[in-house]
């Protein structure tokens, strides 16, 4: 039970950081290798606000998320839209976006190192609380609950609003969506910005219970990519289920075997998915 509860709480934040990349890759067709750096930026903002001004991370969340949305919207409009327009195929766009966002990730790491080059952590709601016989920190529970609320709002928006329907249409087939009057460029910019904002929200929440540094973003990017591929590109349900699997497996390995082998376990699952179900848990097999 301890492993299940701890894994479930971890899965909530994993799902949140993966949803951002899922939107960016599944809709805007941008393989964003700077996704992890957006997470660390959110964490650094929460750390700086809390330690310098005693501002709660929950308040920082309300400021950092809109700022991240605007910043990612600018990144798409200025740096990535030219790549989208010149790409003659989705394959070319993926290669170009990987190279471009790889450079963006290095730039962001450099900026964060100049701001705070050391490890950063702080104590927020670190008091223990018992859930189903398992003792966990309050900050993990709060992070999980907020992640659930954000994920539920995103799911409802995608399923029950006109703009969400447009996003799903572009994710299925951008050319067909364009034929029925959907502004694909605007939808792509929106989803890229929204994906970055969600990643930043995940970073703020993760910072409340994990020690971080400026260069750890690549780990988050890889885990988000594993979840996206496992669940199926563009599928929110798949991302949630894949995050749950990854969270429980990592917790079990860390508890029963060795904490240093959690990444090994994650990549082993990833390889199994690539070998036996490359379209992901909820993805459709290409024909």
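The values are calculated or read from the model by the stated rules, or taken from the named source; none is laboratory data. Because the structure is predicted, anything quoted here is derived from the model rather than measured. So basically every Cβ, Gly included, is an ideal-geometry build from the backbone, and we count neighbours across all protein chains shown.
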Quiz prompt | Those residues of the range 72-93 which are crowded, with 16+ Cβ neighbours inside 10 Å and either more than 20 Å from residue 189 (Cβ to Cβ) or touching a residue at least 40 places away in the same chain (Cβ under 8 Å) (or both), in sequence order | solution = 72, 73, 75, 76, 80, 81, 84, 93
Quiz item: Within the range 28-36, is even one residue touching a residue at least 12 places away in the same chain (Cβ under 8 Å) and at positive phi?
Solution: yes
Exercise. From 46, 34, grab the single residue that is within 24 Å of residue 266 (Cα to Cα), in contact with a helix residue (DSSP H, G or I) (Cβ under 9 Å, 6 or more places away or on another chain) and modelled with pLDDT of 90 or more.
Key: 34
Quiz item: Looking at 165, 208, which is the one that is more than 18 Å from the chain's Cα centre (by Cα) and either without any contact (Cβ under 8 Å) to a residue 40 or more places away in the chain or surrounded by 15 or more Cβ atoms within 10 Å (Cβ to Cβ) (or both)?
Solution: 165
Practice problem: Starting from the range 110-130, take each residue that is without any contact (Cβ under 8 Å) to a residue 24 or more places away in the chain and list its partners that are loosely packed, with under 12 Cβ neighbours inside 10 Å and part of a strand (DSSP E or B), counting only C-beta distances under 8 angstrom and pairs at least six apart or across chains. | Solution: 128/135; 129/135
Quiz prompt | the range 124-138, residues that are surrounded by 11 or more Cβ atoms within 10 Å (Cβ to Cβ) and on the phi < 0 side of the Ramachandran plot | solution = 124, 126, 129, 131, 134, 135, 136, 137, 138
Quiz prompt | Extreme residue, surrounded by the most Cβ atoms within 10 Å (Cβ to Cβ), among residues of the range 255-275 that are within 19 Å of the chain's Cα centre (by Cα) and touching a residue at least 40 places away in the same chain (Cβ under 8 Å) | solution = 266
Practice problem: Looking only at the range 99-121, decide whether some residue is part of a strand (DSSP E or B) and surrounded by 12 or more Cβ atoms within 10 Å (Cβ to Cβ). | Solution: yes
Practice problem: Considering only the range 122-150, state which residues are over 14 Å from residue 9 (Cβ atoms) and part of a helix (DSSP H, G or I). | Solution: 149, 150
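Results for (1) in contact (Cβ under 8 Å) with a residue 24 or more places away in the chain; (2) out of contact with any helix residue (DSSP H, G or I) (no Cβ under 7 Å at 6 or more places or on another chain); (3) closer than 28 Å to residue 47 by Cβ, shown as yes or no for each residue.
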{"position": "220", "(1), (2), (3)": "yes, no, yes"}
{"position": "232", "(1), (2), (3)": "yes, no, no"}
{"position": "238", "(1), (2), (3)": "yes, no, no"}
{"position": "243", "(1), (2), (3)": "yes, no, yes"}
{"position": "277", "(1), (2), (3)": "no, yes, no"}
{"position": "280", "(1), (2), (3)": "yes, no, no"}
Exercise. Inspect all residues belonging to the range 227-242 and state whether any of them is in a loop (DSSP other than H, G, I, E, B), more than 20 Å from the chain's Cα centre (by Cα) and more than 17 Å from residue 5 (Cα to Cα).
Key: no
